[in-house]
Amino acid sequence: MADLDTYIESNKDRFIAELLDLLRIPSVSADPKYKADVARCAEAVKMRMVEVGLEKVEVCTTAGHPIVYGEKIVDPSKPTVLVYGHYDVQPPDPLDLWHSGPFDPVIKDGMIYARGSADDKGQFFMHVKAIEAMQKNGGLPCNVKVMIEGEEEVGSDNLGLFVRANRERLKADVVLISDTAMIANDTPSIDTGLRGLSYVEVEVTGPDRDLHSGVYGGAVANPINALCEMIASLHDADRRVTIPGFYDDVDELSTAERKALAEAPFDEEAYKKDLAVNAVRGEKGYTTPERSSIRPTLDVNGMWGGYIGEGAKTVLPSKAYAKISMRLVPHQTSEKITKLFKDHFERIAPPGVKVEVRPHHGGEPVVTPIDSPAYLAASKAMEESFGRKPIPTRGGGSIPIVALFEKELGLKSVLLGFGLDSDNIHSPNEKYGVFNYLQGIRTIPRFFRHYAAMANGR
Ligand code: BES
Ligand code: MN
Ligand code: MN
């Protein structure tokens, strides 16, 4: 590994420059106005994959944004790692809160600032560079297939179809993903689970047109008032979700499991300080780390309606809207939770308003094993590069395709992420540490080596 580390050290400036080039491409999947940029980013990813010696590299078109696929089969009798990542990014707004342009990357105090730096360009590109480093230093110890998609941030619907249609091509022994965070740079950890997601949009309609709020106010239901009441009623005084049946399938962790998770260091004062809040708030009976990983939640992500322009316009609006997400834990399913929400929300509508609930994309929760060869290889690899054994933790975010890899390909994933919660993913001033980026490139070849050795008797 000494040669590999030397190679990475002497090429690090170029590795960083290549990442910055990718970060300059605004590959925002949610907004159609970036469609050409997303396609351009797929081509750039393809070029980088070809450059490092991957074969059969292809930009696969879908009904949405393309998927970039490539592979290197060194020996069919050896195990195969399927690397998954995403080159699409979240929209950059609100733009005025960025200290530098979201697609104009700058490095400051050891951090790379740009949309997608941590989520997920900086993380998937570590794999491309790790493959380069292995290729230049004795070759890959096992087979690799690399699949980088362009629709993760919008639910991966087309990737789901692609996976079902390409079972043979994607045949592998394990999926390796760097798209999560660790506890801290001196406290490595590996997520062993992800939450699922139900996402709905609600529309509340009162009168068939906007009305004068003096002439009609107080006499007819105001849909924004009604929506606020309905949303407020979705949590009780213990901050538990009030939708009947919401907790029915929740996998309640044993005292021992909760104790093991509590081993991970967590500083609540630092957490509050970082977020500039004077208190934490969440479900009674659970700690902050538990509330943000092993417990299901319900949050309003956006809400609008009525007059929001300059000054005051006295108007009783006709419509009110909200986007609501529910994070799910094993063994909840997005289909069931979405239905429970819809039925409940329609039922609690006050007289005088109509409610429509429109489901968006969903995703299923997952837990990953901590005794598999792949997890042990990842743990060993991190222990070598960080000098500390990583702590198994549970992640709060969602990567919907992970459950599908299990269902459609029968593959478990290893979530070998190098980000930090403080990276501001999906927020203004997203950042990724130069240390984290290079540390990932140093760790991934170690994973391959240990995995190739351990998975031999598969
Ligand atoms: N990389 C994140 C998921 C993540 C972040 C997992 C941090 C664990 C820790 C991913 O890109 C993401 O943002 N997923 C979306 C899924 C959705 C758009 C379907 C999410 O979690 O909101
Ligand atoms: Mn991501
Ligand atoms: Mn994301």
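Read the figures in this text as sums done on the coordinates, not as results from a lab. Given the structure is predicted, the values throughout are model-derived calculations rather than measurements. Cβ placement follows ideal geometry from the backbone for every residue including glycine, while neighbour counts extend to all protein chains displayed.
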Would you please name the chymotrypsin sites (Phe, Trp or Tyr not before Pro) within the range 153-227 that are DSSP coil residues with at most 15 other C-beta atoms within 10 Å of their C-beta? Y216
Label-reachable residues, the range 410-449, where backbone N falls under 12 Å from a point 7 Å from K108's Cα toward its Cβ: 429-431
Per DSSP, loop GluC sites (Glu not before Pro) in the range 153-240 with at most 13 further Cβ within 10 Å: E168
Just to be sure I follow: if Rg is taken over the C-alpha atoms of the chain and Rh is the Kirkwood radius over the same atoms, what is Rg/Rh? 1.00
Let's test the formula: R0 of 22 Å, r as the Cβ-Cβ distance of Y216 and V300. What FRET efficiency results, to the nearest 0.05? 0.25
Most packed first (mean Cβ within 10 Å per residue), the peptides 123-129, 374-380 order as 123-129, 374-380
Quick one: if you stick a label point 7 Å off each Cα along the C-beta vector at I370 and R24, how many nm between them? 4.4 nm
Per-residue Cβ contact counts at 10 Å, fewest first, order E152, E310 as E310, E152
What is the order of H86, H450, fewest Cβ neighbours within 10 Å to most? H450, H86
So, with +1 on the Cβ of K and R and -1 on the Cβ of D and E, and no other charges, what is the size of the charge dipole of the range 173-243 about its Cα centre, to the nearest 20 debye? 240 debye
So what is the relative contact order for the chain, in percent, with contacts set as C-alpha pairs under 8 Å and at least six apart? 25 percent
Projecting each Cα onto the charge dipole of the chain (Lys/Arg +1, Asp/Glu -1 at the beta carbon, about the Cα centre), which of I243, V57, G101 comes out farthest on the positive side? V57
In Å³ and rounded to a whole number, note down the convex hull volume per residue for the Cα atoms of the range 18-103. 112 Å³
Show me the ranking of peptides 130-136, 259-265, 3-9 by mean Cβ neighbours inside 10 Å, starting with the highest. 130-136, 3-9, 259-265
Sort out for me the Cα centre separation of the range 113-135 from the range 325-355, rounded to whole Å. 38 Å
Only four residue types carry charge here, +1 at the Cβ of Lys and Arg and -1 at the Cβ of Asp and Glu. Report the dipole size of the range 277-365 about the Cα centre in Debye, rounded to the nearest 20. 120 debye
Any chance you could check the Cα centroid distance between the range 1-52 and the range 291-324 for me, in angstrom? 37 Å
Percent RCO, i.e. relative contact order, over the range 387-448, from Cα pairs under 8 Å lying at least 6 residues apart: 18 percent
What order do you get for F418, F341 when you list them from fewest to most C-beta neighbours inside 10 Å? F341, F418
Within the range 264-313, report the trypsin sites (Lys or Arg not before Pro) that DSSP leaves as loop and that have at most 15 other Cβ atoms within 10 Å. R281, K284, K313
Toward the positive end of the charge dipole of the range 293-407, about the Cα centre and with charges on Cβ (Lys, Arg +1; Asp, Glu -1), which of G362, H344, I294 goes farthest? H344
Past the 13 angstrom mark, what percentage of all C-alpha to C-alpha distances in the range 278-350 do you count? 77 percent
Projecting the Cα atoms of I183, L23, Y84 onto the charge dipole of the chain, where Lys and Arg contribute +1 and Asp and Glu -1 at Cβ, the residue farthest towards the positive end is Y84
Give the Cα extents of the range 303-458 along the principal axes, in whole Å, largest first. 69, 37, 22
Set K12/K129; K35/K339; K78/K412, cut-off 21 Å on Cα-Cα distance; pairs above it are K35/K339
Quick calc, the chain, dipole around Cα centre from Cβ unit charges on Lys, Arg (+) and Asp, Glu (-), nearest 20 debye, gives 520 debye
Grab the DSSP H runs of the chain that are 4 residues or longer, score each as -39,500 (n - 2.57), total them, divide by all residues and round the 222 nm result to the nearest 500 deg cm²/dmol. -10500 deg cm²/dmol
Mean Cα-pair separation over length for the range 118-206, i.e. relative contact order, pairs under 8 Å, 6 or more apart, %: 29 percent
Taking amide hydrogens as modeled 1.01 Å from N in the peptide plane, which residues meet the under 5 Å criterion relative to M182, leaving out close sequence neighbours? G419, L420, D421
